[in-house]
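Below is one structure, written out as structure tokens; the observations come after it.
Coordinate-derived values only; no laboratory data. Quick caveat, the model's predicted, so the values are computed rather than measured. Here Cβ is always computed from backbone atoms with ideal geometry, including for glycine, and neighbour counts include all displayed protein chains.
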Amino acid sequence: MLAFATVGSTQFDSLVQAILSPSVLSTLRRKGYHQLIVQCGNSNFELASSISGGQLNIEKEGIDIELWKFKPTLQNEYEKADLVISHAGSGTILDVLRLGKPLLTVVNPTLLDNHQQELASALAELGHLQVSNVV
């Protein structure tokens, strides 16, 4: 199975770092995921400098991982994914929910007025998605 993680058009260092952590990767593996695609934007993390020219492919914790910064559209990744892990941006949420994909949103508290928390919490209460924070 394939999981796709996206930080959107900004940076979300803590989300990328958490996604690539041994504990999250081993959990994904135990749940049956063998492939992870990470759209990392301008996030700063251990491997960021290795993908400056395009994409990086690695294997960690038994998962094949593809990392890249940006693409013109993420629609193909949403369609292929069995699970989407995303920042709680409204455009991303709506695109993924329209496809009926399981969605775990992670609120980026560094953004203006913490608007992602309000949207993600409201949609979680309605049962459309799961919401989390990176600690």
Per the 1/(1 + (r/R0)^6) rule, R0 = 25 Å and r from the Cβ atoms of Ser23 and Lys80, FRET efficiency to 0.05 is 0.50
Could you name the lysines in cross-link range of Lys69, using Cα to Cα under 23 Å and dropping any fewer than eight places away on the same chain? Lys60, Lys80, Lys101
Want the number for Val134 to Trp68: 0.36 nm per residue separation, take away the alpha-carbon distance, what's left? 21.7 nm
As a test of the formula, what do you get for the chain when each DSSP H run with n ≥ 4 contributes -39,500 (n - 2.57) and the sum is divided by the residue count, at 222 nm and rounded to the nearest 500 deg cm²/dmol? -8500 deg cm²/dmol
Orientation-averaged projected area, Cα convex hull of the chain (nm²): 7.7 nm²
In degrees, nearest 10, range 0 to 90: what is the angle between the Cα axis of helix 115-125 and the longest Cα principal axis of the chain? 80 degrees
So, counting K/R as plus one and D/E as minus one, what does the shell of residues with Cβ under 10 Å around Leu20 add up to? -1
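Given axes a ≥ b ≥ c from the Cα gyration tensor, I'd like to know whether region 55-116 is rounded (a/c under 1.5), prolate (a/b larger than b/c) or oblate.
Note, shape of region 55-116 comes out prolate.
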